[in-house]
Each structure stands twice: as structure tokens, then as C-alpha cells.
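What follows draws every value from the coordinates through simple rules; no lab data is involved. Here the structure is a predicted model, which means the values were calculated and not measured. In this analysis, Cβ positions are derived from the backbone assuming ideal geometry, glycine residues included, and neighbour counts consider all displayed protein chains.
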Amino acid sequence: MGNMKAAQKVKRDALFLRGPVTFGWIIENIPDPTSRLILVAQGFMGMSQPKATEVTLTAKVWGCAGIESHDQRCQGYWVERREGRTAVLHTGNNPNEITPE
């Protein structure tokens, strides 16, 4: 099992965001896990045609970002937690969030 996981990591590290910027490079050079998650999610959103505005946070996305914890957030993005299912990362404002006027 460990060899299969290592082989997956090598394969995922070779995936790229844009041009020569690979997911492996992102993990090695960007220390902030939230920034890594956002960049990797943007990469996956850009892979679909037409470009997506949301991405399901599967184990693959978390792994490509090199994140062990699922509790990462950043302004302009919000995570939809779904009981018994994978989380979804959305761009834009959370429609359920109460904002001060």
C-alpha cells in the first residue's frame, strides 16, 4: 500500500498548474497550506471545459496541495462541508454567511 501511495504522489507532483509550474513545485516552494490549496484548486478548475467556479475537495485535491488538515480557508473562497460526502471549494461569497453592512 505504501508503494502505491508513493507512486501516486510522484504522479501527482508532476501535474502542473500552468506552464512549467507543477503541483510538486507548489508544495516545495509555497509554505502556506491555504495558498497551496487555492492554487491547486484553481488548476483543477481550469482543467475543465468550460472553466469551473467550484471544485470538489477530494483526497486527490488535498493530496496535490500537500495538506494534512481539511480546515483551511482564505478570503474570496469558501468551503461547503457536506456530511458524509466530500467538501466543495467555491469562489465568491458564501451565500449563507452573515456579513456586516
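Things to note:
- From least to most packed, judged by other beta carbons within 10 angstrom and beginning with the fewest, L15, L89, L39 follow the order L15, L39, L89.
- N93 versus K60: modelled label distance in nm, points set 7 Å from Cα along the beta carbon direction: 3.3
- The modelled label-to-label distance for the pair V10/M47, using points 7 Å beyond Cα in the direction of Cβ, is 1.9 nm.
- Annotation: the residues E83, E54, sorted from fewest to most other C-beta atoms within 10 Å of their own C-beta, follow the order E83, E54.
- Between amide H atoms placed 1.01 Å from N, distances below 5 Å from T22 occur with L17, all of them 5 or more places distant or on a separate chain.
- Exposure proxy order (Cβ contacts within 10 Å, fewest to most) of V61, V88: V88, V61
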